[in-house]
Amino acid sequence: MIAQPFFLAILLLSGMGSVLYVYVDVRAGDLFSNIGVFVAGAVLNYLAVRAVSGDDSLTPRLTGLFGLSILSGLATLLGLLLLILPGLFLYLRWFMAWPIFVGERTNIIEAMKISWQRMKGWEVAAGLPVGALLLLFLAGLIGLDYFGHAPDRPSGLIDAFIGNAFMNALILLTYVVSVASYACVARETADLTTGA
């Protein structure tokens, strides 16, 4: 159920971003890609949370997710500027804020608080797939650059599409990993409270 919208989002974002990047303006392509990845990530987050929870009455809540992204993103950026590790720590502690916001219908601050509490002790477990995606991202950038398909300087539409598809796929995969972490922690918490 999640795979089709995931691949469709990657194809659409990559295709339109590439066309804008190559034929219109680099800034237009970047702007489209950033807005598109946010919306696609929100929809994928919503679909994944709905599939995990089985609750068909959930809604994507795009405006709230935008506010949550700004608030947690600025705090994480500040942490990254301080010494990198505080930013990574904040990112991992707020890693489940999107799925909590959508799945539990909380407000922005409450979603961040709940994520902070639930992620306590799970930083390494969530950090491993995120770290693997980061390493894949870095290896991909090096590989794309080596083979002449660098995302920041495409020589044509195909190069731009390959670079955009790679970047969009990795970004959108972090949303899927976030929901998977949410499901695992929720299941573990439920098992602890029910004694199963």
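The values are calculated or read from the model by the stated rules, or taken from the named source; none is laboratory data. Keep in mind that what you see is a predicted model, and the values were worked out from it rather than measured. Positions of Cβ are backbone-derived with ideal geometry, glycine not excepted, and every protein chain shown enters the neighbour counts. Side chains included, ligands, DNA and RNA excluded: accessible areas come from the protein's heavy atoms. Shrake-Rupley method; radii C 1.70, N 1.55, O 1.52, S 1.80 Å.
If you check Glu110, Glu123, which single one turns out to be at pLDDT 85 or above and acidic (Asp, Glu)?
On the way: Glu123 fails: at pLDDT 85 or above.
Only one candidate passes the filter, namely Glu110.
Got a sec? Which of Leu144, Leu65 is closer than 30 Å to Val24 by Cα, touching a helix residue (DSSP H, G or I) at 6+ places or on another chain (Cβ under 7 Å), touching a residue at least 24 places away in the same chain (Cβ under 8 Å) and not charged (D, E, K, R)?
Only one candidate passes the filter, namely Leu65.
When you scan region 17-53, how many residues do you find that are farther than 19 Å from Val177 by Cα, hydroxyl-bearing (Ser, Thr, Tyr) and either open to solvent by 40 Å² or more (accessible area, probe 1.4 Å) or in contact with a strand residue (DSSP E or B) (Cβ under 9 Å, 6 or more places away or on another chain) (or both)?
1
Under the condition of being open to solvent by 60 Å² or more (accessible area, probe 1.4 Å) and of a type in the set (D, E, K, R), which residue from region 137-190 is modelled with the lowest pLDDT?
Across region 137-190, the extreme among qualifying residues is Asp152.
Looking at region 108-122, which of its residues are open to solvent by 40 Å² or more (accessible area, probe 1.4 Å) and in a helix (DSSP H, G or I)? Give the steps one after another, and end with the answer.
Going residue by residue through region 108-122, those that are open to solvent by 40 Å² or more (accessible area, probe 1.4 Å) are 108-110, 113, 116-118, 120-122.
Answer for region 108-122, where residues must be open to solvent by 40 Å² or more (accessible area, probe 1.4 Å) and in a helix (DSSP H, G or I): Ile108, Ile109, Glu110, Lys113, Trp116, Gln117, Arg118.
Test of understanding: among Val37, Val43, Val49, Val22, which residue is in a helix (DSSP H, G or I) and modelled with pLDDT of 85 or more?
The match here is Val49.
Within region 164-185, which residues are in contact (Cβ under 8 Å) with a residue 60 or more places away in the chain, out of contact with any Ser or Thr (no Cβ under 7 Å at 6 or more places or on another chain) and within 12 Å of Leu13 (Cβ to Cβ)?
Once the filter is applied, which keeps residues that are in contact (Cβ under 8 Å) with a residue 60 or more places away in the chain, out of contact with any Ser or Thr (no Cβ under 7 Å at 6 or more places or on another chain) and within 12 Å of Leu13 (Cβ to Cβ), region 164-185 yields Met167, Ala169, Ile171, Leu172.
For region 108-131, state whether one or more residues are over 22 Å from Asp30 (Cα atoms) and touching a Gly at 6+ places or on another chain (Cβ under 6 Å).
Within region 108-131, the subset over 22 Å from Asp30 (Cα atoms) is 108-131.
Next, only the ones that are touching a Gly at 6+ places or on another chain (Cβ under 6 Å) stay: 108.
Yes.
If I ask for residues that are in a loop (DSSP other than H, G, I, E, B), β-branched (Val, Ile, Thr) and either modelled with pLDDT of 85 or more or surrounded by 17 or more Cβ atoms within 10 Å (Cβ to Cβ) (or both), which ones from region 77-107 would you list?
Correct list: Thr106 only.
If you check Ser57, Ser14, Ser69, which single one turns out to be within 18 Å of the chain's Cα centre (by Cα) and surrounded by fewer than 21 Cβ atoms within 10 Å (Cβ to Cβ)?
Exactly one of Ser57, Ser14, Ser69 is within 18 Å of the chain's Cα centre (by Cα) and surrounded by fewer than 21 Cβ atoms within 10 Å (Cβ to Cβ), namely Ser69.
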